[in-house]
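Data first, discussion second: the structure below is written as structure tokens.
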Amino acid sequence: MEKIGIAIIGCGGITLQNHLPGLALCPQTRIVALCDSDPATLQRASQQCGVAACYTDYTEVLKRDDLNAVVIATPNVLHAPIALAAIKAGKHVLCEKPLAMNSGEALEMYRAAETAGVRHMTAFTYRFVPAFRYMAHLVKSGAIGQPYHLRVQRFQDWGQRSLGWRQVARMAGSGELGDMLSHRLDYAHLLVGQMRSLVGDLHRFHDARGGQASDLEDWTAIIARFANAATGVFESSKLVTGRGESARSHDYCEINGSEATIVYQMSATPELHMGRPGSGNLETVPVPREFLTWPGSPRDPSQGDPLFNFRYDQNFEFVDAIVKQRPCVPSFLDGARVQEVMDTAIQSARERRWLDVRYAVPWK
């Protein structure tokens, strides 16, 4: 087949760090255009990948005859309008998380993509971490028995530094909840399934960052109950002093069941830690080789920084789904379900009470 023509709309740090290197691993693709509202950002991306076709208006990009798919890495407020326009034009869409500003937008994106028959994917990058993939495999295979508890933590130290558009409500919709905890809510759905109810809290410690106003939370927490009676505790913060940032900070997931406990701790070494009844300690369990890369990915897991290079498999999955005409993992439905949980958490924090989580699309 002819190469898949892809345009990247939004050319900031996520595109430079994740999408350009990831697409470079996919020989079936050709980046035909770049788009960003900021000329300097656009120039940096153009220099990195050698693509000369640069635009500041995404509607012009969508008119290209050689375009088959788009990657959307813009501020959250633009996700829905760009995705819906791309879907209307018959293009496959990979969109950064959180999928939209609210669950209404996210569900509209999902339904439009399904109706149009295009591939759709939410960029929950941490689905591709080898240790986490193995953890999910063990849980689904029954290794922990009946799930009892899930707890996750994402701790970073940003102090009062600027978060750019991510600290502006009209651009991002939510702060730490959408930025970092959204990934962990997707973990929860994958590991344990649908949530039944939750209570959430949000707090902003700094009203200004980098000399600019901030009107979004920099800490969030959720306590949840799942449909299978398991419980969950989630916490994420930009203000955990001394914990670092990005891949060098604290990312922790633990699940306890009737037969075992499994702990995932972000590390350059692909491993988990498991405890059995009565053992009193956790043993280190290496991640098997078959989990070090996404199925079919050409990436060499021994090359590059293991705290970053797993992210490239995300783009491979998107392209592979297009080639094989199959659903992407994770899809817009996964993104919409996380958005429904986030909307519920925001409402819970505002009303200071437990709320049921109501999913628009029934779970199978």
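Summary table
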| read-out | value |
| --- | --- |
| Within the range 145-219, chymotrypsin sites (Phe, Trp or Tyr not before Pro) in DSSP loop having at most 13 other beta-carbon neighbours inside 10 Å | 205 |
| For the chain, with +1 on Lys and Arg beta carbons and -1 on Asp and Glu, the positive-most of 8, 34, 321 along the dipole | 321 |
| Only Lys, Arg (+1) and Asp, Glu (-1) charged, at Cβ; the range 1-114 dipole about Cα centre in debye | 180 |
| Alpha carbon centroid spacing (whole Å) that separates the range 288-364 from the range 233-279 | 18 |
| Label point distance in nm, residue 160-residue 305, each placed 7 Å from Cα along Cα→Cβ | 2.8 |
| For the range 4-125: relative contact order, % (alpha-carbon pairs under 8 angstrom, 6 or more apart) | 24 |
| Over the chain: Kirkwood hydrodynamic radius from C-alpha pairwise inverse distances, Å | 21.0 |
| R0 of 30 Å, Cβ-Cβ distance residue 143-residue 2: FRET efficiency to nearest 0.05 | 0.10 |
| Expected 222 nm ellipticity per residue - DSSP helices of 4 or more, -39500 (n - 2.57), all of the chain, to 500 | -8500 deg cm²/dmol |
| Percent antiparallel among DSSP beta bridges (both partners in the chain, rounded to 5) | 60 |
| Sum of side-chain charges, residue 273 neighbourhood, beta-carbon under 12 Å (Lys, Arg +1; Asp, Glu -1) | -2 |
| Approximate spin-label separation residue 52-residue 207, in nm, with each point projected 7 Å along Cα-to-Cβ | 5.2 |
| Relative contact order for the chain, counting Cα pairs under 8 Å that sit 6 or more residues apart, in percent | 20 |
| Cross-link pairs beyond the 23 Å C-alpha cut-off, checked among 97/238; 3/63; 140/324; 3/91; 63/88; 140/238 | 140/324; 140/238 |
| The range 4-125: Cα Rg divided by the 2.2 N^0.38 Å rule of thumb | 0.97 |
| GluC sites (Glu not before Pro) within the range 182-255: DSSP coil, no more than 15 neighbouring Cβ in 10 Å | 245 |
| Local electrostatic count, residue 24, Cβ distance below 14 Å [Lys/Arg +1, Asp/Glu -1] | +2 |
| Point-charge dipole on Cβ atoms (K/R +1, D/E -1) for the chain, about Cα centre, debye to 20 | 420 |
| Theoretical gain in end-to-end length, residue 326 to residue 284 [0.36 nm per residue, Cα-Cα removed] | 11.5 nm |
| Per DSSP, loop trypsin sites (Lys or Arg not before Pro) in the range 141-190 with at most 13 further Cβ within 10 Å | 161 |
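Bear in mind these aren't lab numbers, they're just calculated from the coordinates by the rules spelled out. Being a predicted model, the structure only gives us computed values, none of them experimental. In this analysis, Cβ positions are derived from the backbone assuming ideal geometry, glycine residues included, and neighbour counts consider all displayed protein chains.
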